[in-house]
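K.L.:
Here it is, the structure in full.
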Amino acid sequence: MLDSKVHVRERAQASAHHCSVAVAVALTMLGGCGTVESGSRSAPEIARSADRDGRDATDADVRAQPSRGRIIGGERVRRTIAWPDAARIDTTLRTRYAATVRDTLDRSPVPVLAPAEPGERVTASTGERWYAITVHGDGYLMHTHGSGEAHVLPHVRSVDPTHPMREAGGFLTRNEDIWAATWIEYGVAYSFDIECDRRQVSWCDDEAEVTSRIEALTLVATRGGAR
C-alpha cells in the first residue's frame, strides 16, 4: 500500500514541478516582457522637464532615458554554499549505508542532510545541483532533498518562516498522511517529507514528533564525504 502511495506522490510531485514551471512562465509573460527603466521618468515628467527648458519634448529625450533592460522571471541561479566542516559528519550513520549509497552521496554538489533513522532500506541520487535520499522504514518513508539552485521571481514577495526549524526557521505543511518541511541551511534549499501509515506508526499525527525528526537530520556528506 505504501509503495503505491509513493508512486502517486511521485506523479503528484512531477505534476507540481510542471505547474511551477508554468507559473514562472506566466509571471514572465505578465511582468517581464516590458522594458523597465532604472531611474527613468514617465512621459509626463519628460514633457514637463522640456517645458521648463522652454522647448517641446522630442523622441531624443525619451531615448536618452537610462534603461537596465528586460526583467525576466524564472532564471535559475546558483546558491552560495557555506560548506560545513567534514568533522561534523555522522560517520556512524554513514557506515550503515551501502557503499553504493555512500558513493552517490559523496558526489552531491551540496551538503547532505539525512534522517537519523537508518531505516530498513536507503536509496540516494544526485544531479548537477541537487541530491535526494530516501529512508524506507516500517510503515513510513522519509525523503530529504537539497538544491543548490534558486529561481529568480522578481514579482513574488518573500514571506517569513511559519515554524521554528533548524537554524533560521522554515515552513511545515501537511497533506493527508504526508508532512512536508522546507528551509534554508548552509545556503542550500532543503525539503524533508515524511509519509507514514498511522495504522503502523504511532507518531504519524503528532506534529511535535515530526518536528523532532526535522531537528534530528544529520550531516552525512560534504565535499567528498568523510575524511
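K.L.:
Looking at ASP103 and the list (1) farther than 30 Å from ASP197 by Cα; (2) charged (D, E, K, R); (3) touching a strand residue (DSSP E or B) at 6+ places or on another chain (Cβ under 6 Å), which single condition is not satisfied?
P.N.:
It fails just one condition, (3).
K.L.:
Still on this structure, please answer the following. Part of a strand (DSSP E or B) and touching a residue at least 12 places away in the same chain (Cβ under 8 Å) - does that describe any residue in segment 103-112? Quick ask: steps written out before the conclusion?
P.N.:
To start, the set of residues in segment 103-112 that are part of a strand (DSSP E or B) comprises 112.
Imposing the further condition that a residue be touching a residue at least 12 places away in the same chain (Cβ under 8 Å) reduces the set to 112.
Yes: segment 103-112 contains one or more residues that are part of a strand (DSSP E or B) and touching a residue at least 12 places away in the same chain (Cβ under 8 Å).
K.L.:
Step by step: first the residues of segment 161-195, then only those that are without any contact (Cβ under 8 Å) to a residue 40 or more places away in the chain and assigned to a loop (DSSP other than H, G, I, E, B), then the one that is surrounded by the fewest Cβ atoms within 10 Å (Cβ to Cβ). Which residue is that?
P.N.:
GLU176
K.L.:
Looking at SER212, SER158, which one is part of a loop (DSSP other than H, G, I, E, B) and either over 25 Å from TYR97 (Cβ atoms) or without any contact (Cβ under 8 Å) to a residue 12 or more places away in the chain (or both)? Walk me through it before giving the result.
P.N.:
Working: SER212 fails: part of a loop (DSSP other than H, G, I, E, B).
Unique residue meeting the criteria: SER158.
K.L.:
Continuing with the same structure: How many residues are modelled with pLDDT under 90, within 23 Å of GLU176 (Cα to Cα) and within 22 Å of the chain's Cα centre (by Cα) when one looks only at segment 191-225?
P.N.:
Residues meeting the conditions: 0.
K.L.:
Assess whether ARG198 counts as being buried (at least 18 other Cβ atoms within 10 Å of the Cβ) and basic (Lys, Arg). It would help to see each step written out before you state the result.
P.N.:
Numbers: buried (at least 18 other Cβ atoms within 10 Å of the Cβ): no; basic (Lys, Arg): yes.
Answer is no for this residue.
K.L.:
Can we say THR144 is out of contact with any helix residue (DSSP H, G or I) (no Cβ under 6 Å at 6 or more places or on another chain) and crowded, with 17+ Cβ neighbours inside 10 Å? Break it down into steps so the answer makes sense when it comes.
P.N.:
Values: out of contact with any helix residue (DSSP H, G or I) (no Cβ under 6 Å at 6 or more places or on another chain): yes; crowded, with 17+ Cβ neighbours inside 10 Å: yes.
So THR144 passes the test.
K.L.:
Out of ARG129, ARG121, I need the residue that is modelled with pLDDT of 90 or more, over 14 Å from LEU217 (Cβ atoms) and more than 16 Å from the chain's Cα centre (by Cα). Which one?
P.N.:
Working: ARG129 fails: more than 16 Å from the chain's Cα centre (by Cα).
The conditions single out ARG121.
The values are calculated or read from the model by the stated rules, or taken from the named source; none is laboratory data. Since the structure is predicted, the reported quantities are computational estimates derived from the model, not experimental observations. For neighbour counting, all protein chains shown are included, and Cβ atoms are generated from backbone atoms with ideal geometry for every residue, glycine included.
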